[in-house]
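These notes concern the structure reproduced below.
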Amino acid sequence: MERADRGLAFMLQYENIAWYENGEVHILDRRVYPVRIEYVCCKTYEEVTQAISDMVTQSGGPFTAAAMGMALAAYQCKGWTQARQITFLTQAALVIAHARPTTVERMKLVVDGCLAVAKEALEQGKSDVSRDIFLYTIAYNNRRYLRMKKVAHYLVDMFPKKGKIMTQCFGETIVGFMLLEAKARKYELQVFSPETRPYFQGARLTASVVHDSGFEATVITDNMVAYVMQHEKMDVFTSAADAICMDGHVVNKIGTYQIAILAKQFGVPYFVTGIPDLAHQSVESVHIEIRDPDYVLQAMGVRTAMEGVKGYYPAFDITPPTLVSGVVTDIGIFSPYDLNRYELAGNLSEFA
């Protein structure tokens with residue numbers, strides 16, 4: 001099967017995100033990459049769910065892991081009666097979809113697609129539908145990657161040929177295709193990535209992909225953004241999103257909102273990339289995940305605060321449409337106040 005991940009950085013290739021084979025799912029542990037290249041081996045869909053919850057994989061990684069987890073669930077129940085397999089896979093889909101609360105609606109689209117494939121294969125008389133789900137996952141990833149390639153084309157249109165770009169967290173596929181598109185145009189980009197505590201996705205993941213792609217990567221701490229915008233003269237601030245609500249609110253990694261405020265202050269346009277979420281007609285339907293506060297009290301496993309001090313860890317924040325210059329989609333750039341036009345054009349979610 002033709003694959004859309006060819007030419008992308010190491011950690012954006014399918015095998016290095018999450019991969020099902022021989023009754024196991026191997027997930028690249030992004031909590032330690034690039035210092036170490038290690039994979040978490042999951043032998044049940046429950047272990048895949050736990051890995052997603054524990055942020056073994058992040059950004060777009062959980063969606064691939066979820067689909068591969070469904071293939072593993074099919075392997076777990078192979079040979080059972082059709083009715084029992086459907087019951088088991090339906091339960092697996094429910095559990096996997098709720099691995100992280102803020103992305104439940106997107107996860108449902110992924111696992112429901114896998115479930116539909118499984119039901120069709122079972123009706124054809126197959127006793128093991130794990131490979132059917134696996135092949136569906138590759139095809140689904142291809143569709144998603146190719147859509148992000150289109151998004152990247154429109155995003156790079158917003159960059160100067162010699163530009164300074166600031167990112168936030170790890171935009172996964174859009175980062176990879178943004179850099180491929182810029183390279184094809186012979187653009188010279190400097191990419192500044194706030195480290196993105198407490199998991200340091202900007203420092204470890206985004207900067208690694210930028211470097212692997214042949215561009216200048218610079219990491220800054222999360223409290224340097226104002227100085228860097230003011231003195232290094234950023235041209236564009238861009239991020240992906242965990243949800244783009246139809247009312248124009250952007251849900252993304254904690255810290256996005258404050259960078260967007262600073263971008264407004266310094267006249268730097270903020271372009272969010274992705275597909276508007278039809279399941280979130282307004283921001284009121286979004287549930288912000290509050291994670292273990294202990295992660296705030298340490299840095300990569302080294303405690304930084306005195307015992308007895310409290311932490312607080314909201315995983316995401318919400319940027320209002322007033323701070324968003326444009327929503328960059330696969331069919332063009334939209335005002336955050338005009339996202340219904342995307343829906344009216346008959347377009348579907350990124351994860352459908």
Just to check your reading of the model, which residue among 38, 46 is over 20 Å from the mean Cα position of the chain (by Cα) and within 26 Å of residue 199 (Cα to Cα)? 46
Of (1) modelled with pLDDT under 95; (2) farther than 20 Å from residue 238 by Cβ; (3) in contact with a helix residue (DSSP H, G or I) (Cβ under 8 Å, 6 or more places away or on another chain), residue 350 satisfies all except one. Which? (2)
Of everything in segment 219-263, what is aromatic (Phe, Trp, Tyr) and either in a strand (DSSP E or B) or crowded, with 21+ Cβ neighbours inside 10 Å (or both)? Give them in sequence order. 237
Taking the condition of being farther than 26 Å from residue 257 by Cβ and of a type in the set (S, T, N, Q), how many residues in segment 175-221 meet it? 1
Test: residue 59 is modelled with pLDDT under 95 and either within 15 Å of the chain's Cα centre (by Cα) or within 17 Å of residue 172 (Cβ to Cβ) (or both): yes
Sort out for me the strands (runs of 3 or more DSSP E) sitting completely within segment 1-96 that have 2 or more residues that are in contact (Cβ under 8 Å) with a residue 40 or more places away in the chain and either in contact with a strand residue (DSSP E or B) (Cβ under 9 Å, 6 or more places away or on another chain) or among the acidic types (Asp, Glu) (or both). 18-21, 24-28
Give me the pairs: first residue in segment 315-334 and more than 18 Å from residue 149 (Cβ to Cβ) and among the acidic types (Asp, Glu), second residue at pLDDT 95 or above and in a strand (DSSP E or B), beta-carbon distance under 9 Å, and six or more apart or on different chains, which are they? 317/251; 317/252; 317/253
Out of curiosity, is residue 178 farther than 25 Å from residue 303 by Cα and either assigned to a loop (DSSP other than H, G, I, E, B) or not assigned by TED's automatic domain parsing to the domain that holds residue 302 (or both)? no
Do you know which residues across segment 1-22 are among the acidic types (Asp, Glu), within 18 Å of residue 183 (Cβ to Cβ) and surrounded by fewer than 14 Cβ atoms within 10 Å (Cβ to Cβ)? none
Can you tell me which residue is nearest to residue 339 (Cα to Cα) among those in segment 266-303 that are in contact (Cβ under 8 Å) with a residue 24 or more places away in the chain and part of a helix (DSSP H, G or I)? 283
Do you know which residues across segment 200-225 are in contact (Cβ under 8 Å) with a residue 40 or more places away in the chain and at negative phi? 201, 204, 205, 208, 209, 212, 213, 225
Consider segment 84-105. How many of its residues are surrounded by 17 or more Cβ atoms within 10 Å (Cβ to Cβ), among the polar types (S, T, N, Q) and within 15 Å of residue 117 (Cβ to Cβ)? 1
Per-region count, segment 181-218, residues more than 21 Å from the chain's Cα centre (by Cα), of a type in the set (A, V, I, L, M) and not in a helix (DSSP H, G or I): 1
Only unsatisfied item for residue 174, checking (1) surrounded by fewer than 21 Cβ atoms within 10 Å (Cβ to Cβ); (2) in contact with a Ser or Thr (Cβ under 6 Å, 6 or more places away or on another chain); (3) of a type outside the set (Ser, Thr, Tyr), is (1)
Going through (1) over 25 Å from residue 343 (Cβ atoms); (2) modelled with pLDDT of 95 or more one by one, residue 260 fails only at (1)
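The values are calculated or read from the model by the stated rules, or taken from the named source; none is laboratory data. Remember, it's a predicted structure, so these values are computed and weren't measured experimentally. All Cβ positions, even for glycine, are placed from backbone atoms using ideal geometry, and neighbour counts span all protein chains on display.
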